[in-house]
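The structure appears below as structure tokens.
No value in this document is a laboratory result; all are computed from the given coordinates. All of these numbers come straight from a predicted model, not from anything done at the bench. We place every Cβ from the backbone using ideal geometry, glycine too, and count neighbours over all the protein chains shown.
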Amino acid sequence: MARYSKFPSDSQESAFAIHSLNNYTNFYLSSSVAALDLDSRNVGDLIRALHREVTRQLATGGVEYAKLKWALMPRRTHKEIAFIFDSTAAGSDHYGLDFSKVWLSALWRDGPQRTAISQGDILKAPAAWVWRELEEHLVRTNDFPRLHTEHYYVLYLTNMARTQVSAIDAALRDSTAAYLGYIDCSTWTPLKSFMLLPQYALRDGDALVVAADEDGSPYITPPTGGHRFNLVGVEEALYGVLLDHRMDNGVPAWADEDSVLTLTALGGGQSPLRELKLDLDERRFAYLKTAEPDGHLGSVRSARLDGLSREELIQAIETKIRSGLVFHLRFVRGTRDDDPAPENDALMFDVQVEFPDDTGKARRYLVAIKYTPASHSGKVVSFY
């Protein structure tokens, strides 16, 4: 195991919050680490430097990095939705372009102000299995055609309120007969294993944040008409690491590789999340089992964990986070009575987990963890 960094205890590093790091489907970071033979401290320094540069490039285009949080990480009150199209019913072989003329207009009028936009085909999945999944999960008004799976085109949007889902569903249905319906992908579905969708853009109000070349020229040119989006370009390498939304494709090895480097941003020694030793002290355990608004009993109860002992609750959460993705990495400067208190400095990150409710339906919870890189251990802080 690589030696952990002493960050931030021996540094003057400013407080920061990194919403998401993509070492899951993007390999710029891991290849740079290998090529330069970087140790854990250097990797952490590199990540935080990339974060500062992304923040600067976004600001040049009038976009605040902090406001992109819910586009890039799970939000328990909002949904991730896959809108499905029949690409054989498009007007030409350039079906991605044809469909973008439709969904860009719908997104402009009815979509979330901040969302990650990905698009592509369902690839290399058994056709009969995909049809069964669509029969069970596709929200639709009519039957759907049984196609080769690569002919199902997907538009994937994050951070969607229920009203926005309904509005975009209606707009797409009214705009093209190629639109088949949508699937709620907020919790795990095996279809995600076959949705390796390239990201098109991040929406921030009137801006589409897209990958660009070193001169800042965007790699995409959206069709005009039906919207007034302007493009904000961020250098491709930076974009892929810090602005590329990670969909959980259900590959544990990818999650391991992702967390190995992600946690170095907090001083970690390149150990995977599945090796994290989790703790929950008695005071925090009592807090989690206190009724809202002061505690988290409602969440613990809906996950059917309220009858567990402290040790059992730790084990249940620990089991779930082993294959999870790390989000919202942050260094928080401690205070006491509004005065600086370095002894209260905290390294934090979040992991989304799923537990079934009393009906058997999977529900999402965000676990906040206070991280100690020296021992690769964490303490549960909150469970929502």
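Taking other Cβ atoms within 10 Å as a rough exposure proxy, THR187, THR264, THR141 sort from fewest to most as THR141, THR187, THR264. Legend: ranking of residues ARG56, ARG364 from fewest to most surrounding C-beta atoms inside 10 Å; resulting order ARG56, ARG364.
Using just its DSSP H runs of length 4 or more, each adding -39500 (n - 2.57), the chain gives a mean residue ellipticity at 222 nm of -9000 deg cm²/dmol after division by all residues.
Report relative contact order for the chain in percent, whole number only (criteria: Cα-Cα under 8 Å, sequence separation at least 6). Mind dumping the intermediate values first?
On the way: 750 pairs, mean separation 85.2, N = 384.
Relative contact order, the chain: 22 percent.
Put simply, the C-alpha atoms of the stretch 146-204 give a gyration tensor, and the ellipsoid matching it has half-axes of 19, 17, 12 Å, longest first.
For the stretch 166-178, the Karplus equation 6.51 cos²θ - 1.76 cosθ + 1.60, evaluated at θ = phi - 60°, returns couplings of 4, 5, 6, 4, 5, 5, 5, 5, 7, 9, 8, 6, 6 Hz by residue, with Gly and Pro reported as x. Considering only alpha-carbon pairs that sit under 8 angstrom and 6 or more positions apart, the relative contact order computed for the stretch 69-242 is 33 percent. Computed from backbone phi with θ = phi - 60° and the Karplus coefficients 6.51, -1.76 and 1.60, the 3J(HN,Hα) list for the stretch 361-373 is 7, 5, 10, 9, 9, 10, 9, 9, 10, 8, 9, 10, x Hz; x is used for glycine and proline. Projection of the Cα convex hull of the stretch 111-213, averaged over all directions and equal to a quarter of that hull's surface, yields 7.4 nm². The alpha carbon radius of gyration of the chain, expressed as a multiple of 2.2 N^0.38 Å, is 1.02. By DSSP, what percent of the beta bridges with both residues in the chain are antiparallel, rounded to the nearest 5? Percent antiparallel among DSSP bridges in the chain is about 85.
One chain, two ends: GLU312 and GLU236. Fully extended at 0.36 nm per residue, the span grows by 22.9 nm beyond their Cα-Cα distance.
Would you mind estimating how fast the stretch 69-242 diffuses translationally, via Stokes-Einstein at 25 °C and 0.890 mPa s with the Kirkwood radius over Cα pairs, in µm²/s? Answer, rounded: 149 µm²/s.
Residues whose amide H falls under 5 Å from that of GLY334, counting only those 5 or more places apart or on a different chain, are ALA341, ASN344, ASP345, ALA346, with hydrogens built in the peptide plane.
Over the stretch 69-242, what is the percentage of antiparallel beta bridges among all DSSP beta bridges, to the nearest 5?
Working: 27 of 33 bridges.
Restricted to the stretch 69-242, the bridges split so that about 80 percent are antiparallel.
Order by neighbour count: VAL241, VAL209, VAL165, fewest other Cβ atoms within 10 Å first, most last. Before the final figure, lay out the partial values.
Values: VAL241 24, VAL209 28, VAL165 21.
In order of increasing Cβ crowding within 10 Å: VAL165, VAL241, VAL209.
Of the trypsin sites (Lys or Arg not before Pro) found in the stretch 177-270, the ones in coil according to DSSP and having at most 14 other Cβ atoms within 10 Å of their Cβ are ARG228.
Rg/Rh for the stretch 23-91 stands at 1.14; both radii use Cα atoms, and Rh follows the Kirkwood definition. Each Lys and Arg Cβ is given +1 and each Asp and Glu Cβ -1; about its Cα centre, the chain then shows a dipole of about 700 debye. A DSSP coil position with no more than 14 other Cβ atoms inside 10 Å describes the following GluC sites (Glu not before Pro) in the stretch 119-217: GLU214.
Size check on the stretch 96-140: the Cα extents along the three principal axes, sorted descending, read 35, 21, 18 Å.
Think of the chain as having a plus end and a minus end, set by charges on the Cβ of Lys, Arg, Asp and Glu; of ALA368, SER309, LEU138, SER309 sits farthest toward the positive end of this dipole.
Sequence gap of 8 or more, or different chains, plus Cα separation below 14 Å: how many lysine pairs satisfy both in the chain? Write down the numbers at each step before the final one.
Values: LYS124/LYS192; LYS277/LYS320; LYS277/LYS370; LYS277/LYS379; LYS370/LYS379.
Final tally of qualifying lysine pairs is 5.
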